[in-house]
Amino acid sequence: MMITLSALLLTGCAFEENLPEMDFDGTVRIPVAASQFSYQFGETDDDVIDVDDNRGFGPVYLGAFPGVQEGLYNYTHPEIGPILNTSQDGNTYPYGGTSIGRFDWGCYQSLVCKVVSGRFATYDDVLEYFADSLNDPVLDGEGNVVEGGVEFQEHCFDVLYYAADYEVTFIGETDFSLDGDHYVANVTLPHTTYAEGMAIWGWMDMPSASGNFSTCDEGTGEFHSYYAEEHYKGASVNDLLNFPGKYIDTGDWVVQDAAIISSPDDSFDLELGYLYVDE
Amino acid sequence: MTPSIWNWGTSMLTNSLILTLLSLGGCDRSGTNVLPQPNLDFPAVVEVGNLEVISSSQLVELQSQGYNVREWCDNSGTVARETVGNRQQAEGEPLCYYGVVGMTEIGQRGGVTFTFNGTGDDVCLIVDPETVFWNQSVDLDQPRANYAYPDVEEDDGDVDMFAGLSAYYNGSPGVEIGDFTGFYTDSLGAEISIEYGECFQAGAQTGMNNAHSGRATTEYCGLDTVNRENVEYTVVLETFSVPMDDGVLSFAAVVVDGGCSGISPNECTLSGESLNPDTNRANQNTRSCTVELEESFCQGQGALLGFCCNYPDMCGEDANYDEICKPESFEDGGFEFNAENFCDSYPGLCDCTVAE
């Protein structure tokens, strides 16, 4: 009887569900030039610094869509469904998607919606980027400059109730590596509904001149309450892939040639080769 | 095998058989005994026709009708026409509707539909199913005296409101209740359902915009009809539950010019919607004392408790009258009256006579 039961269980392991969802692996390439952008660290027009640092990369959003079209926007954009109201374009109805990096609360209010996972190796890396590359040092809850990685780490452990660096998701292994003229990252679109001929397309949200990302909302997300520190931790907007045109703005890098998937076994190679500048 | 083991085994087998038979018996329970039976005298799908959008001043006039409200609405086509949004009200169209709908066959959708024309501006859709519902306050630590008396749940019904452009409505008015679901086929042939309904009601949780009120509670939503002047909309009041006491659900419905924020609809925005279930429309009048019951509910300040203690037949039948209506109950609530002198404080809520 036990043998029969075991045999039945083993048979179950081999059951093919024929689900239409697949994982699609690929690479994303971003031109080296994308690491160059301007940042206004003060209130006057003179307080602008030219940055050349790939740690400033925002999240790269990727989606699988039924197709892409020219002419909807000033860049290649997924096809859209019916326009249901005058204040918003049609939904792209994506089949799936993912991102390379995501907004991560950086333990301080001054870092809300400014830190992206997969961009920094260490706490000092974060501090160095904001202080040296942006000329805009990280401030603690009292407005004082965070002096070093140890102070940063201790504060993160306090407010996150963590005890090890591997739990802190905005430091660690970085996503991109330099390969010739491009920064390259590997990525997987998980559990994506497969349709023959679908297009994988995406863009990278880059910080505006004032350092803000259009895809992050500082006024939402989990609320942080720790003694005198009270603020939202920020969160990505929730309709990014449905309405990309709402969020792509000047300075963002967009896929010009979408990858067409013809087989469930296909992989893709995308270049975010088009710098969008609003004219 | 020893006798004790044999007995144990026999006992287990017997218990298993009994349990199996009981389980099979449970399969016979359909739960239909807790639902009212359909009454062919009252159709389960009702089409009201077209309602004119009512102005705020006409709404005030409607609210002053008391027990004549159903009749006033039926004759409201003769009320002087006004401008609503960007257009003039159509001659002869009623401004509101008070009516009844019957119980559906089990497993079928029932309800009411009506239409209205866009004004080119915001409008507010309001529906109020009979009668009034509240949860009895049974908290011993922090009792809410106003809700100390139980509600009569058997006289309460519930409808869920949906609305959108008539062009998107897929039901058959008066025959079959539908919805506003449409389908879009993308370039690869994938079919995607799209909600074309525009009546979104906020829920208790952030981001929830497809909520509906519970039993006997007013539902409302705002619609923006800008650029859709004279374009027809359909409103669906889908039956969710029908009162157990008579198997007929009465309701009131209106479309008000302007958004909902200036109205803040509540139980008393449309009162008198609990109608006698008579097949002759002329006899579908507001049930006695239900207007006062609704007004007491909206009044707050313990008026509901005072009303129920004076009109126990209008409130929960399983109430412990002596305990709930004792003077201390009113003292706990800090009210300036009690069960005995309530009518002196609220004479307007005490001049009705409960029907036999």
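Each reported figure results from applying straightforward, stated rules to the coordinates on display, with no laboratory input. Since the model is a prediction, treat every value here as computed from it, not as a measurement. With ideal geometry, Cβ positions are generated from the backbone for all residues, glycine too; neighbour counts draw on all protein chains shown.
Computed from the C-beta positions of residue B:68 and residue B:261 and an R0 of 30 Å, the FRET efficiency is 0.55 to the nearest 0.05. Diffusion coefficient (Stokes-Einstein, Kirkwood radius over C-alpha pairs, 4 °C, 1.567 mPa s) for the protein assembly as shown: 43 µm²/s, rounded to a whole number.
Here the spin labels are modelled as points 7 Å beyond Cα on the Cα-Cβ line, and at residue B:106 and residue A:43 they lie 7.3 nm apart. Taking the convex hull of the alpha carbon positions in the stretch B:193-318 and averaging its projected area over all directions gives 11.5 nm². If the segment from residue B:244 to residue B:80 were pulled out straight at 0.36 nm per residue, it would be longer than the present Cα-Cα gap by 55.1 nm. Considering only B:173, B:277, B:327, the Gaussian network model of chain B with Cα springs below 10 Å gives its largest mean-square fluctuation to B:327.
Reported to two decimal places, what Rg/Rh ratio describes the stretch B:288-356 when computed on Cα atoms with Rh from the Kirkwood expression?
0.93
For the stretch B:34-286, the spread of Cα coordinates along the three principal axes comes to 59, 50, 43 Å, biggest extent given first.
The Cα atoms of chain A define a convex hull whose projected area, averaged across directions, is 20.3 nm². A dipole drawn for the stretch B:34-286 from +1 and -1 charges on Cβ atoms has a positive end, and of B:161, B:149, B:35 the residue lying farthest that way is B:161. Using only Cα atoms, tell me the angle between helix A:149-160 and the longest principal axis of chain A; keep it within 0 to 90° and round to the nearest 10. Helix A:149-160 sits roughly 60 degrees off the main axis of chain A. Under unit Cβ charges (Lys, Arg +1; Asp, Glu -1), what dipole magnitude, rounded to 20 debye, does the stretch A:18-275 have relative to its Cα centre? With Lys and Arg at +1 and Asp and Glu at -1, about 840 debye. The sum of -39500 (n - 2.57) across all DSSP H runs of n ≥ 4, divided by the residue count of the protein assembly as shown, sets its helix-only mean residue ellipticity at 222 nm to -4500 deg cm²/dmol. Spin-label model, residue A:69/residue B:205: points 7 Å from Cα along the beta carbon direction are separated by 3.4 nm. Multiplying the residue separation of residue A:250 and residue A:121 by 0.36 nm and removing their Cα-Cα distance gives an extension gain of 43.7 nm. For the protein assembly as shown, the Cβ-based charge dipole about the Cα centre amounts to some 1760 debye (Lys, Arg positive; Asp, Glu negative; other atoms uncharged). Among B:256, B:226, B:101, which one moves the most in a GNM of chain B with springs linking Cα atoms closer than 10 Å? In this elastic network of chain B, the residue with the biggest mean-square fluctuation among B:256, B:226, B:101 is B:226. The phi torsions of the stretch B:161-174, fed into the Karplus equation with coefficients 6.51, -1.76 and 1.60 and a -60° offset, translate into couplings of 9, 9, 7, x, 5, 4, 4, 8, 6, 10, x, 10, x, x Hz, rounded to whole numbers, with Gly and Pro shown as x. A straight chain from residue A:257 to residue A:86 at 0.36 nm per residue would run longer than the Cα-Cα distance by 58.6 nm. Can you pull the Rg over Rh of the stretch A:139-279, Cα-only, Kirkwood? For the stretch A:139-279, the value is 1.03. Note on chain B: GNM, Cα springs under 10 Å; of B:239, B:32, B:185, the largest mean-square fluctuation is that of B:185.
Could you let me know the centre-to-centre spacing of the stretch A:210-263 and the stretch B:220-236, using Cα atoms, in angstrom? Using only Cα atoms to place each centre, the spacing works out to 33 Å. Listed by chain and number, the aspartates and glutamates placed with their C-alpha closer than 13 angstrom to that of residue B:326 are B:340; residues fewer than eight positions away on the same chain are left out.
Among complete DSSP H helices in chain B, those whose alpha-carbon atoms stretch at least 20 Å along the helix's long axis and whose mean Kyte-Doolittle hydropathy reaches -0.5 are B:3-26.
Note on the stretch A:165-216: Rg/Rh from C-alpha atoms, Kirkwood Rh, equals 1.04. Reported value for the stretch A:55-180: 187 Å³ per residue, from the convex hull of its C-alpha atoms. Taking only the C-alpha atoms of the stretch B:199-260, Rg followed by Dmax gives 14.3, 45 Å. From the alpha carbon centroid of the stretch B:276-337 to that of the stretch A:90-156 is 59 Å.
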